[in-house]
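Here is the structure we will look at, set down as structure tokens.
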Amino acid sequence: MEIDEAAGVFLVTTARKTVEGLFTNGHLVSPPREYPHIFDTNAGVFVTINKANGAEKELRGCIGFPYPDKPLVEALVRAAAASATEDPRFPPVSKEELPKVVFEVSVLTPPEQINVASPRELPQKIKVGSDGLIVKWAYGSGLLLPLVPMEYGWDAEEFLGNACMKAGATPDIWLVPSTKVYKFNAVVFEEAEPRGKVVRKLA
């Protein structure tokens, strides 16, 4: 999906307005009536909310939909609200925090399973800085967005291991033949500062 700068601004500002609307209206509001036509297309999307601490950022919530099951504009609004209120790792974002957090939106390509003759070939099929990962095993699944390994300085094998732990498994579960690993790409836009300029982080 081709998303230009104007559409990227719409993504991030809509995510913020959705969360602000929860406090103003007390409930989730409908998607904006006017939006780029491309957002009628089904797409996976994640909304990440980070607390801004100068150059450092602290995660406050990240929820989304990895598969293109609904129109992007609808998925965006639902993901934004869930990121602020339903991430089980954190308490809900408060109204007082909104001037201190930045919103980031990732629009995903459909995940594709990585097929290899041997699981040990998986790291060679992963491009850090471009690919996101989904690991599925017998008891759960876990997803990590493409920017995560860049932020932590992981190589492909470390990326795999952490995706396995996100799935609730040991970091080497990717070596088990029954484990399935999927990859996807993402277009990412983020506020440079709270309520500030929206910039592209990943094409």
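In the stretch 137-165, what count of residues is obtained for those that are touching a residue at least 40 places away in the same chain (Cβ under 8 Å) and more than 25 Å from Phe189 (Cα to Cα)?
Within the stretch 137-165, the subset touching a residue at least 40 places away in the same chain (Cβ under 8 Å) is 137-138, 143, 145-147.
Subsequent filtering for residues that are more than 25 Å from Phe189 (Cα to Cα) retains 137-138.
Number satisfying all stated conditions: 2.
When Pro92 is tested against (1) within 22 Å of Tyr182 (Cβ to Cβ); (2) not in a strand (DSSP E or B), just one condition goes unmet, and that condition is (1).
I'm trying to understand the selection: among the residues of the stretch 1-57, which are loosely packed, with under 14 Cβ neighbours inside 10 Å, among the charged types (D, E, K, R) and more than 25 Å from Asn185 (Cα to Cα)? Working first, answer last.
Within the stretch 1-57, the subset loosely packed, with under 14 Cβ neighbours inside 10 Å is 2, 4-6, 23-27, 30, 33-34, 37, 40-41, 53-56.
Filter once more, keeping what is among the charged types (D, E, K, R): 2, 4-5, 33-34, 40, 56.
Matches in the stretch 1-57: Arg33, Glu34.
When the stretch 173-198 is limited to residues that are among the hydroxyl-bearing types (Ser, Thr, Tyr) and outside any strand (DSSP E or B), the one that is farthest from Leu72 (Cα to Cα) turns out to be Ser178. Kindly check whether there is at least one residue in the stretch 166-176 that is closer than 24 Å to Lys51 by Cβ and not polar (S, T, N, Q). Yes, the stretch 166-176 has at least one match. Within the stretch 166-202, being polar (S, T, N, Q) and either without any contact (Cβ under 8 Å) to a residue 12 or more places away in the chain or within 16 Å of Pro66 (Cβ to Cβ) (or both) holds for Thr170, Asn185. With respect to Ile63, determine if the residue is at pLDDT 95 or above, outside any helix (DSSP H, G or I) and among the aliphatic types (A, V, I, L, M). The answer is yes for Ile63.
Just to be sure, is Ala81 farther than 16 Å from Gly196 by Cα, modelled with pLDDT of 95 or more, of a type in the set (A, V, I, L, M, F, W, C) and buried (at least 17 other Cβ atoms within 10 Å of the Cβ)? Criteria met by Ala81.
What about Val47, is it of a type in the set (Val, Ile, Thr), touching a Lys or Arg at 6+ places or on another chain (Cβ under 8 Å) and either over 22 Å from Lys197 (Cβ atoms) or not in a loop (DSSP other than H, G, I, E, B) (or both)?
Working: of a type in the set (Val, Ile, Thr): yes; touching a Lys or Arg at 6+ places or on another chain (Cβ under 8 Å): no; either over 22 Å from Lys197 (Cβ atoms) or not in a loop (DSSP other than H, G, I, E, B) (or both): yes.
Taking the combined requirement at face value, the residue does not satisfy it.
Elements of the type strands (runs of 3 or more DSSP E) sitting completely within the stretch 99-172 and holding at least 1 residues that are among the β-branched types (Val, Ile, Thr) and modelled with pLDDT of 95 or more: these cover 101-108, 132-137.
Got a sec? Which of Leu108, Leu122, Leu76, Leu133 is farther than 26 Å from Leu28 by Cβ and either within 13 Å of the chain's Cα centre (by Cα) or of a type in the set (Phe, Trp, Tyr) (or both)? It would help to see each step written out before you state the result.
Details: Leu108 fails: farther than 26 Å from Leu28 by Cβ; Leu122 fails: either within 13 Å of the chain's Cα centre (by Cα) or of a type in the set (Phe, Trp, Tyr) (or both); Leu76 fails: farther than 26 Å from Leu28 by Cβ.
Sole residue among the options that is farther than 26 Å from Leu28 by Cβ and either within 13 Å of the chain's Cα centre (by Cα) or of a type in the set (Phe, Trp, Tyr) (or both): Leu133.
When Ala75, Ala52 are checked against the criterion of being closer than 29 Å to Lys183 by Cβ and of a type in the set (A, V, I, L, M, F, W, C), Ala75 stands alone in meeting it.
The values are calculated or read from the model by the stated rules, or taken from the named source; none is laboratory data. Keep in mind it's a predicted model, so treat the numbers as computed, not measured. We place every Cβ from the backbone using ideal geometry, glycine too, and count neighbours over all the protein chains shown.
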